[in-house]
Amino acid sequence: MMMYLKSWPWRLLLLSFAGLVLLTLLLLLADLAGVPKGVVNGFFLVVSIIGYALIGMFCRTTIPEEYFVAGRSISAPMNGMATAADWLSAASFIGLTGLLLSDGFVGDGQHPGGLAYLLGWTGGFCLLGFLFAAKLNLSQSITLPDFLGRRFDSAAVRWLAAWGAILCSSVYLVAQIYGIGLVASMLSGLTFELGVFLALGGVLLCSFLGGMRAVTWTQGVQCVVIVVSMVVLTMAVSFKTQGHPFFTIAAAQSLPQIQERAKQIESDPAELATRDVISLRMSNLHVKIAEPVYAREVERQNVSRQVAKAKSENASLRDIQKLEANPAWRETSVDRLVSAWQAEREVLAEAIYRPVGFQVPYLNGWNSGWNNSLALIFCLMLGTAALPHILVRSYTTATPAEAERSIVWALAFIVVVYLCASSLAVLLKSFVLTELVGSHLDQLPDWADRLKLRKLALLSIQDYNQDGIVQFADIRLFSDYLVLGVPEITHISSVFTGLLAAGALAAALSTADGLLLTISNALAQDLYFQTAEPNAPPLRRVMLSKILLMVVALLAAWFATNRPVSILFWVTCAFSLAASTFFPVLLLGIYWRGMNRVGALMAMVSGLGISAYYIAVNHSWVQMRLHLQASDTVWLGLDPVCAGVFGVPVGLLFGYLGSKLSKTLKN
C-alpha cells in the first residue's frame, strides 16, 4: 500500500506527459485537416482547466496537516517540481522572452536588461537552499508568520509578518491573474474579464478543495506542461531557423547574423532620421508637460482646425477619429492629460534607447545601467529567498535534507525554461531584424499584419519619419506577452499557439494557487485563529481558510480586470517588498541568537516602510498628484523596482540596533 502511495504521483506525472503529447499530436492532425484555429486553441484551454480541477477534486481534504502542508510527506523531486511550477509565473513564462528581445541582455545603459532577471531569479534559489530551506523544515511550522511568531514567541511579530506576507503576495497575485486573463481571452476569444473568471474557476476548484495537497500534485503536472511546452516550442523554432532541434546551438549560430544586421540598422540614415524625429517629439512633450494648461489650449486649437479641414474634405471617419484621439482633445482633466503625455514620452524614450541587437553600441565603462542591473540582481536574489509562497514549500517535505534537495530539483527545471526563453529571444530577434525592419508599410510580413490586428495587439508600428518604410525605432513590441505570438512570427503550426498558451496558463495558475493559499492561510491561521480563537477545532480552521481563499481570489480578479500597467513591473516590486520585509528578520533570526522580538518588529517595519515608500513615491500617479519630478525622488539613480537595495540594509541595521537597545534598556 505504501509503495502504491509513493509511486502513484509519478504515474500521474507520466500520464500527464503522455496525455500532453497525445493531445498535441491529435490537435496537430486536426489543424492539418483544416479545423479552425480557435477550436484547436480553445480545446487546449478547456482540457487544461478541467484537468487541474479534476486533480483538485480527487485530492480534496479537510485534514489540517494535509490542507496546510501536504502532510509533510512530499519527496524531494516532486516538491522540486511543485516549487518550480510555483516559481515559474506568468512573468517568467510570458514576459521573459519579450524582455530579452526588447531590452537585450545588459540593458540600454540606463535600465537593466534581461540578464539581471536570469541571474537574480536563479541565484535566489541558491540562497534559499543554503540559508533557509533546512532551518524552516526543522521548525515544523505551517506558514512563514507562524515560524517567525514561534521563533520570537511574539503575537505581534506573527501579526506583522502576516500582513507583510499578504501585501507581497497580493501584489504578485494580481499580476498572475492578469496573465491568466491574457492567456484565457486569447485562447477562447472571450473578453479579458470573462477570461479571468473562467480560468479562475480552475484555480479555485484546485486550491479550495484540497489546499496544499491538491496544489502540490497539480503543480507537479503543471511543471510537466510548462517545461514540455517551452522545450518543444523552442525546438520547433530552432528546427525552422537552423534545421536542427538543438536550440542553444541554433541561438549561437544566429547571433553573428543578428550582430551584423544590427550594425547595418544602427548606421542607416533612415534609422538616424527616425530617431531625430522622435527626439524632437520628446522635446515637445517636455515643454507641454512643463506648461500643461497652455499646451492643451494650443493643441486643441490645432486639432480643431485639422478636424474641420478633414470634414470639409470629406475625409474618412477613421481619419477623423484618429485626429480626435489626441489626448489634448479627448481628456478634460489636466492630470490625466499630463499622465498621457508622460506615458507617450516613456514609449518614445524606449524606442530611442533600446538596443537594436542585444547590447547598445559604444557602451563602454561603468554607467547607471550597471548600477541598476546589480541592484536588481540583489533584490531578485534576496526576494526569491524570502517570498512567503516559495518558503512554505520547505514545510512540505519530510526532512531538512529533502527540503534542500528539492531546491536543487526546482532549480534544474527552472534553468531549462530560462535557457529556452533566452534562445527563443535570439531566434525571434532574427525574424524582427531581417523580415520586418526595412519592409514597406503596405507590404509587411503576414505575421506582422496579424499581430497588429489582434484584439490583444502584440505589435504596433508608427512611421515617425513618414518615409513609408519600417525602421527599427518605428516598432513597438509588447514584450509582456510577445511570446504568445511566436508561432505566427516563425511560421510554425498554430497548434504550438495552443501548446504555448497551455504552458503559460499552467505557469500563471500554479503561481496563483500558491499565492492564494499563502494569503488565505495568513488571514485565517495567523491573524484570526492565533489571536481571536486559538483553541478552534481543526475543521473550522480549514473551512475558514477555504472561505477566505475564495474571497481573496475574487478580490484579486476584480483588481486584475482594471489591468495593471505591467506584469513584470509589479512582480519585480513584489520581490523588493519581500526582500525588505522578510530577508533581514529571517537571516538575523536564524543565525544570530541575540535577535529578539523588538529587533524583529523594527527590521520588518523599517525594511517594508522604506521599500514601499520608494516604490510609491516614484510611481507616475503619485508624482502627478504631488507635483513631483523623478529627479526629486530617485535615489542614486536606481529604478523603483530596486527598492530592496535600500530596504534590506535598513532592515538589517534596525534589526540589530533594536535587539541591542532593547536588551540594554531591559538591563
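The values are calculated or read from the model by the stated rules, or taken from the named source; none is laboratory data. Remember, it's a predicted structure, so these values are computed and weren't measured experimentally. FYI the Cβ positions are ideal-geometry reconstructions off the backbone, even for glycines, and counts take in every protein chain you see.
Mind checking which residues of region 584-595 are buried (at least 22 other Cβ atoms within 10 Å of the Cβ) and either in contact with a Lys or Arg (Cβ under 7 Å, 6 or more places away or on another chain) or among the basic types (Lys, Arg) (or both)?
Of everything in region 584-595, just one residue is buried (at least 22 other Cβ atoms within 10 Å of the Cβ) and either in contact with a Lys or Arg (Cβ under 7 Å, 6 or more places away or on another chain) or among the basic types (Lys, Arg) (or both), namely Gly589.
Residues to consider are Asp467, Asp446; find the one that is without any contact (Cβ under 8 Å) to a residue 24 or more places away in the chain and not aromatic (Phe, Trp, Tyr). Quick ask: steps written out before the conclusion?
Values: Asp467 fails: without any contact (Cβ under 8 Å) to a residue 24 or more places away in the chain.
The conditions single out Asp446.
Which ranges mark the helices (runs of 4 or more DSSP H) fully within region 78-184 that have 1 or more residues being touching a Leu at 6+ places or on another chain (Cβ under 6 Å) and buried (at least 24 other Cβ atoms within 10 Å of the Cβ)?
Numbers: elements: 96-103, 114-127, 133-139, 144-152.
Counting at least 1 such residues, we get 96-103, 114-127, 144-152.
Looking at Ser479, Ser510, Ser494, can you tell me which residue is over 26 Å from Leu554 (Cα atoms), in the same structural domain as Ala84 (by TED's automatic domain parsing) and among the polar types (S, T, N, Q)?
On the way: Ser479 fails: in the same structural domain as Ala84 (by TED's automatic domain parsing); Ser510 fails: over 26 Å from Leu554 (Cα atoms).
Residue meeting the stated conditions: Ser494.
From the list Ala556, Ala600, exactly one residue is under 21 Å from the mean Cα position of the chain (by Cα), over 25 Å from Val334 (Cα atoms) and surrounded by 18 or more Cβ atoms within 10 Å (Cβ to Cβ). Which is it? Even if it seems obvious, please write down each step before you answer.
Numbers: Ala600 fails: under 21 Å from the mean Cα position of the chain (by Cα).
Matching residue, one of Ala556, Ala600: Ala556.
Quick check on Tyr52: is it more than 25 Å from Phe147 (Cβ to Cβ) and modelled with pLDDT of 75 or more? Talk me through it step by step, then tell me what you get.
On the way: more than 25 Å from Phe147 (Cβ to Cβ): yes; modelled with pLDDT of 75 or more: yes.
Taking the combined requirement at face value, the residue satisfies it.
Of everything in region 494-533, what is closer than 18 Å to Val224 by Cβ and polar (S, T, N, Q)? Give them in sequence order.
Passing the criteria: Ser510, Thr511.
Are there any pairs with C-beta distances below 7 angstrom linking a residue in region 186-205 that is buried (at least 21 other Cβ atoms within 10 Å of the Cβ) and hydrophobic (A, V, I, L, M, F, W, C) to a residue that is assigned to a loop (DSSP other than H, G, I, E, B) and modelled with pLDDT of 70 or more, with the two at least 6 apart or on different chains, and if so which?
From region 186-205, the pairs are Val196/Thr561.
Which condition from (1) surrounded by 20 or more Cβ atoms within 10 Å (Cβ to Cβ); (2) under 27 Å from the mean Cα position of the chain (by Cα); (3) in a helix (DSSP H, G or I) is the one that Tyr613 breaks?
It is condition (1) that Tyr613 fails.
Residue-by-condition table, conditions (1) surrounded by fewer than 18 Cβ atoms within 10 Å (Cβ to Cβ); (2) modelled with pLDDT under 85; (3) not β-branched (Val, Ile, Thr); (4) not in a loop (DSSP other than H, G, I, E, B):
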{"position": "Asn465", "(1), (2), (3), (4)": "no, yes, yes, no"}
{"position": "Leu499", "(1), (2), (3), (4)": "no, yes, yes, yes"}
{"position": "Ala507", "(1), (2), (3), (4)": "no, yes, yes, yes"}
{"position": "Leu523", "(1), (2), (3), (4)": "no, no, yes, yes"}
{"position": "Tyr528", "(1), (2), (3), (4)": "no, yes, yes, yes"}
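Which count do you get for residues in region 224-251 that are free of Cβ contacts under 8 Å to residues at least 12 places away in the same chain and out of contact with any Ser or Thr (no Cβ under 7 Å at 6 or more places or on another chain)?
Residues of region 224-251 free of Cβ contacts under 8 Å to residues at least 12 places away in the same chain: 239, 243-246, 249.
Those left that are additionally out of contact with any Ser or Thr (no Cβ under 7 Å at 6 or more places or on another chain): 239, 243, 249.
Count: 3.
Conditions: (1) loosely packed, with under 15 Cβ neighbours inside 10 Å; (2) touching a helix residue (DSSP H, G or I) at 6+ places or on another chain (Cβ under 6 Å); (3) among the polar types (S, T, N, Q). Gln443 meets all but one. Number of the miss?
(2)
How many of the residues in region 47-63 are touching a Leu at 6+ places or on another chain (Cβ under 8 Å), surrounded by fewer than 19 Cβ atoms within 10 Å (Cβ to Cβ) and part of a helix (DSSP H, G or I)?
Going through region 47-63 one residue at a time, the tally reaches 2.
Being assigned to a helix (DSSP H, G or I), of a type in the set (Lys, Arg) and over 19 Å from Tyr464 (Cβ atoms) is the requirement here; does Arg296 meet it?
Numbers: assigned to a helix (DSSP H, G or I): yes; of a type in the set (Lys, Arg): yes; over 19 Å from Tyr464 (Cβ atoms): yes.
Yes.
Within region 100-123, identify whether any single residue is among the charged types (D, E, K, R), farther than 21 Å from Trp570 by Cβ and in the same structural domain as Ile407 (by TED's automatic domain parsing), and answer yes or no. Spell out the reasoning first.
From region 100-123, those among the charged types (D, E, K, R) are 103, 108; that's our starting set.
Now restrict to residues that are farther than 21 Å from Trp570 by Cβ: 108.
Then drop every residue that is not in the same structural domain as Ile407 (by TED's automatic domain parsing), which leaves 108.
There is at least one residue in region 100-123 that is among the charged types (D, E, K, R), farther than 21 Å from Trp570 by Cβ and in the same structural domain as Ile407 (by TED's automatic domain parsing).
Within region 254-265, can you find the residues that are surrounded by fewer than 17 Cβ atoms within 10 Å (Cβ to Cβ) and either in the same structural domain as Ile414 (by TED's automatic domain parsing) or in contact (Cβ under 8 Å) with a residue 40 or more places away in the chain (or both)? Full working, then the answer.
Our first condition is that a residue be surrounded by fewer than 17 Cβ atoms within 10 Å (Cβ to Cβ); within region 254-265, this holds for 255-257, 259-260, 263-264.
Leu255, Gln257, Gln259, Lys263 - these are the residues of region 254-265 that are surrounded by fewer than 17 Cβ atoms within 10 Å (Cβ to Cβ) and either in the same structural domain as Ile414 (by TED's automatic domain parsing) or in contact (Cβ under 8 Å) with a residue 40 or more places away in the chain (or both).
Of the conditions (1) small (Gly, Ala, Ser); (2) touching a helix residue (DSSP H, G or I) at 6+ places or on another chain (Cβ under 7 Å); (3) free of Cβ contacts under 8 Å to residues at least 24 places away in the same chain, Ala556 satisfies every one except a single condition; which number is it?
Here Ala556 clears every test but (3).
Which one of these does Leu428 not meet: (1) surrounded by fewer than 20 Cβ atoms within 10 Å (Cβ to Cβ); (2) at pLDDT 85 or above?
That leaves (1) as the condition not met.
Under 6 Å by Cβ, and 6 or more places apart or on different chains, what pairs join a residue from region 279-301 that is β-branched (Val, Ile, Thr) with one that is in a helix (DSSP H, G or I)?
Partner pairs satisfying both residue conditions: Ile289/Val338; Ile289/Trp341.
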